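J.: One structure is given below, represented as structure tokens, and several questions about it will come after.
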Amino acid sequence: MNNDRNRLDKTNSVLTIILKVLAIIALLAFLCISIYRYVYLPYLTYKEEQHAAEEASKEKDRLADEANNAAKTTPALTVFFDKGTSEEKINKIGQGISKRSGVYKIVFVSAEQAWNEYKEEYLREYADTFDYDDNQQDFFPYYEVYVNDVTIIDDLSEYVLSFDEVREMHKSGILNDYQHQLDEKD
């Protein structure tokens, strides 16, 4: 009986050790899962967000470069002046526009030049049958304003429209689209 008792004690000791080992393994598994869940997953999420932010920044830079390159070849604004605005006043406004930060260049087009461009583009073979003097009321002098940075278009528009001599102003549709896309990326 003593022998059976020793054997039972040994079996209980082995079972106790096995249970303790299993408890340690379960604890280690719990710790591993906790580390994975509370340390590694947030780290992965952070890395993914960082990568996404870098990609968004690259896309925004690419879009800005594309927009700014387009802005050098497409007038961002076309600024029309009232009839009778003196050449001196138009030049003064033009100088003010060209001094603004981000303005690449401005091109002045007189009402007569506008008429000639219209004749070439739209009237073609019938151009000789029309006379500027008969149609001059429909054409106004204007500036084409080219910019280096499309993000200044709204501020520049506000500045241009502050002059009483400005009849109307048109924003480039293409550059306006770029500007809205850039604003959405912010």
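The values are calculated or read from the model by the stated rules, or taken from the named source; none is laboratory data. Owing to the predicted nature of the structure, the values given are computational and were not obtained by experimental measurement. Note that we place each Cβ from the backbone using ideal geometry, even for glycine, and neighbour counts take in every protein chain shown.
J.: For Asn69, all conditions in the list (1) more than 30 Å from Phe139 (Cα to Cα); (2) without any contact (Cβ under 8 Å) to a residue 24 or more places away in the chain hold save one; what is the number of the exception?
T.: Here Asn69 meets the rest and fails (1).
J.: Hey, among the residues in the stretch 157-186 that are at pLDDT 90 or above and in a helix (DSSP H, G or I), which one's surrounded by the fewest Cβ atoms within 10 Å (Cβ to Cβ)?
T.: Ranking the qualifying residues of the stretch 157-186, first place goes to Glu158.
J.: For the stretch 10-51, enumerate the residues that are at pLDDT below 90 and within 30 Å of Asp149 (Cβ to Cβ).
T.: none
J.: Also, I was wondering about something else. Of all residues in the stretch 99-121, count the ones that are among the hydroxyl-bearing types (Ser, Thr, Tyr) and in contact with a helix residue (DSSP H, G or I) (Cβ under 8 Å, 6 or more places away or on another chain).
T.: So the count comes out to 2.
J.: Here is a follow-up. Please list, ordered by first then second residue, the pairs with beta carbon atoms under 9 Å, 6 or more apart or interchain, first in the stretch 44-60 and within 20 Å of Glu184 (Cβ to Cβ), second exposed (fewer than 11 other Cβ atoms within 10 Å of the Cβ).
T.: Close Cβ pairs satisfying both conditions: Lys60/Asp186.
J.: In the stretch 95-115, which residues are assigned to a helix (DSSP H, G or I) and either modelled with pLDDT of 90 or more or closer than 20 Å to Glu158 by Cα (or both)?
T.: Gln95, Gly96, Ile97, Ser98
J.: Let me spell it out: the conditions are (1) surrounded by 11 or more Cβ atoms within 10 Å (Cβ to Cβ); (2) polar (S, T, N, Q); (3) within 23 Å of Tyr146 (Cβ to Cβ), and Ser57 meets all of them except one. Which number is the exception?
T.: Tallying (1) surrounded by 11 or more Cβ atoms within 10 Å (Cβ to Cβ); (2) polar (S, T, N, Q); (3) within 23 Å of Tyr146 (Cβ to Cβ), Ser57 fails exactly one: (3).
J.: Additional query: Go through the stretch 132-143 and count every residue that is at pLDDT 90 or above and surrounded by fewer than 17 Cβ atoms within 10 Å (Cβ to Cβ).
T.: So the count comes out to 0.
J.: A follow-up question, please. Among the listed residues Glu59, Glu66, Glu55, identify the single one that is in contact with a helix residue (DSSP H, G or I) (Cβ under 9 Å, 6 or more places away or on another chain) and either farther than 24 Å from His170 by Cβ or of a type in the set (A, V, I, L, M, F, W, C) (or both).
T.: On the way: Glu66 fails: either farther than 24 Å from His170 by Cβ or of a type in the set (A, V, I, L, M, F, W, C) (or both); Glu55 fails: in contact with a helix residue (DSSP H, G or I) (Cβ under 9 Å, 6 or more places away or on another chain).
Matching residue, one of Glu59, Glu66, Glu55: Glu59.
Quick grid of which residues meet (1) out of contact with any Pro (no Cβ under 8 Å at 6 or more places or on another chain); (2) surrounded by 13 or more Cβ atoms within 10 Å (Cβ to Cβ); (3) not in a helix (DSSP H, G or I); (4) not aromatic (Phe, Trp, Tyr):
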{"position": "Leu22", "(1), (2), (3), (4)": "yes, no, no, yes"}
{"position": "Phe30", "(1), (2), (3), (4)": "yes, no, no, no"}
{"position": "Arg37", "(1), (2), (3), (4)": "yes, no, no, yes"}
{"position": "Gln50", "(1), (2), (3), (4)": "yes, no, no, yes"}
{"position": "Ala67", "(1), (2), (3), (4)": "yes, yes, no, yes"}
{"position": "Ala70", "(1), (2), (3), (4)": "yes, yes, no, yes"}
{"position": "Phe80", "(1), (2), (3), (4)": "no, yes, yes, no"}
{"position": "Lys89", "(1), (2), (3), (4)": "yes, yes, no, yes"}
{"position": "Ile93", "(1), (2), (3), (4)": "yes, yes, no, yes"}
